[in-house]
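The values are calculated or read from the model by the stated rules, or taken from the named source; none is laboratory data. Computed from a predicted structure; not experimentally measured. Here Cβ is always computed from backbone atoms with ideal geometry, including for glycine, and neighbour counts include all displayed protein chains.
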């Protein structure tokens with residue numbers, strides 16, 4: 001994503017109940033960034049907490065799908081019945097917040113969170129609670145209320161207490177993955193301060209003093225944690241609005257409270273990412289800088305402004321994310337998405353040819369036709385671009401359906417229905433791609449006679465891309481049809497395929 005101009009950016013910071021196995025965390029990251037356009041910003045593992053915090057960013061159209069895939073992978077890898085760690089948790093994927101970064105509002109993130117919650121239940125059968133700005137009930141705005149009793153307590157209470165019923169799903173935790181909390185919030189700084197004592201009682205007392213819910217600082221949540229491996233006590237802090245309550249103010253209050261208890265601070269740490277502005281404010285506070293302007297006086301800030309402008313136009317930068325996602329060892333994006341991209345590129349090349357030709361005097365008599373071709377090719381390109389994500393989502397739905405429980409007869413029947421529905425959709429998406437790309441080929445053939453001869457190589461390249469798109473899309477149709485038992489449906493779809501291939505042959509759309 002580096003250097004690529006995007007209109008929207010949303011940050012997602014999923015917390016997973018695994019901080020000791022690097023291979024599992026690697027697989028979680030791979031699942032999260034398997035969606036085109038989504039990039040990894042940071043990952044943190046904490047063995048004492050047995051927790052990892054992974055930060056990703058992407059456009060609002062893609063970030064939700066990335067989160068759903070990450071939660072699904074966590075359900076495969078993490079068994080909460082065997083999990084132990086210092087940090088409270090109710091889920092393998094414990095909490096999944098969305099944060100507005102660019103071109104989106106907190107309300108937009110609420111919509112994403114609610115879609116993600118519904119999809120997590122539909123695909124993975126993990127109950128979901130909504131928190132912070134996405135909460136549907138006042139008592140669920142605060143995460144600690146939802147996480148009361150942790151996984152073990154929730155497992156006992158969810159079926160009997162209406163107050164603990166999830167926002168999505170039935171009142172029963174997933175047997176190994178528990179439940180997941182999804183929400184929308186402003187940027188949060190996870191900040192831990194370690195004390196030179198193993199007495200966790202002191203850390204808990206300091207946490208009570210500084211947190212807002214106990215009468216302390218606004219926008220501060222805190223708890224005391226026992227770091228047994230290091231023989232230290234920790235004040236674990238979430239700072240929900242650093243512009244109102246700064247890191248330096250929190251640090252100073254903890255230091256003063258620690259001194260009252262006869263202990264000192266031995267260090268502090270930031271978990272995940274922190275806004276540069278927060279550290280600039282801390283530097284300004286401790287150095288007592290006068291007339292300090294970070295945008296003008298910090299070298300990296302000035303460099304970033306200059307370099308981002310020059311990098312934005314790089315064609316390689318604009319496709320790097322998708323190519324990396326295809327290359328990743330994950331099922332999606334796969335052949336169907338690549339076929340859709342090839343069709344979109346063919347349409348884009350045709351649009352370019354028509355656009356250039358209509359400006360030439362030699363083709364003035366064809367200007368209206370060229371404009372019509374350009375307009376229709378632009379529409380087809382948009383349809384095919386949308387299919388890139390649609391294909392990936394359709395296959396993820398197939399995988400999710402196959403993972404549904406099948407212990408009882410009712411569960412087996414539901415799984416069978418869900419698998420069949422997902423396979424049908426997974427066949428229909430690439431079939432629509434093939435049909436749309438066939439129309440692209442029609443336009444390309446008609447452009448040959450009314451465009452500049454110097455552009456013939458572009459039309460031939462577009463044809464080659466379109467032909468690859470059709471063939472690749474139809475391969476994906478066939479593999480999904482083979483997995484279906486519905487003979488009538490399969491026969492109808494294969495008839496559509498046969499009609500398309502006949503049309504391609506009769507109109508010479510696959511000619512060189």
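For region 241-288, enumerate the residues that are surrounded by 15 or more Cβ atoms within 10 Å (Cβ to Cβ), out of contact with any strand residue (DSSP E or B) (no Cβ under 7 Å at 6 or more places or on another chain) and under 23 Å from residue 97 (Cα atoms).
241, 246, 279
Does residue 74 meet the test of being in contact with a helix residue (DSSP H, G or I) (Cβ under 8 Å, 6 or more places away or on another chain), surrounded by fewer than 18 Cβ atoms within 10 Å (Cβ to Cβ) and touching a residue at least 12 places away in the same chain (Cβ under 8 Å)?
So residue 74 does not fit the description; no.
Can you name the strands (runs of 3 or more DSSP E) wholly within region 155-241 that have at least 1 residues being under 32 Å from the mean Cα position of the chain (by Cα), in the same structural domain as residue 51 (by TED's automatic domain parsing) and free of Cβ contacts under 8 Å to residues at least 24 places away in the same chain?
Of the strands (runs of 3 or more DSSP E) lying wholly inside region 155-241, none has at least 1 residues that are under 32 Å from the mean Cα position of the chain (by Cα), in the same structural domain as residue 51 (by TED's automatic domain parsing) and free of Cβ contacts under 8 Å to residues at least 24 places away in the same chain.
Keeping to region 439-458, report how many residues are crowded, with 22+ Cβ neighbours inside 10 Å and part of a helix (DSSP H, G or I).
Residues meeting the conditions: 5.
In this structure, is residue 379 in the same structural domain as residue 452 (by TED's automatic domain parsing) and farther than 25 Å from residue 322 by Cα? I'd like the intermediate steps shown before the answer.
Numbers: in the same structural domain as residue 452 (by TED's automatic domain parsing): yes; farther than 25 Å from residue 322 by Cα: no.
No: the conditions fail for residue 379.
Checking residue 257 against (1) within 29 Å of residue 93 (Cα to Cα); (2) in a helix (DSSP H, G or I), which single condition isn't satisfied?
Exception for residue 257: condition (1).
Quickly run through region 16-64 and pick out the residues that are part of a strand (DSSP E or B), more than 30 Å from residue 387 (Cα to Cα) and in contact (Cβ under 8 Å) with a residue 60 or more places away in the chain.
Passing the criteria: 16, 44, 46, 53.
Return yes when residue 69 is under 17 Å from the mean Cα position of the chain (by Cα) and not assigned by TED's automatic domain parsing to the domain that holds residue 399 and no when it is not.
When the stated conditions are applied, residue 69 passes them.
Only residues that are in contact (Cβ under 8 Å) with a residue 60 or more places away in the chain and outside any helix (DSSP H, G or I): list them for region 391-438, please.
Selection gives 403, 404, 405.
Looking only at region 26-54, count how many residues are over 22 Å from residue 333 (Cβ atoms) and surrounded by 18 or more Cβ atoms within 10 Å (Cβ to Cβ).
Residues flagged as over 22 Å from residue 333 (Cβ atoms) and surrounded by 18 or more Cβ atoms within 10 Å (Cβ to Cβ) within region 26-54 amount to 9.
Could you tell me whether region 285-298 includes any residue that is within 28 Å of residue 457 (Cα to Cα), in contact with a helix residue (DSSP H, G or I) (Cβ under 6 Å, 6 or more places away or on another chain) and at pLDDT 80 or above?
No, region 285-298 contains no residue that is within 28 Å of residue 457 (Cα to Cα), in contact with a helix residue (DSSP H, G or I) (Cβ under 6 Å, 6 or more places away or on another chain) and at pLDDT 80 or above.
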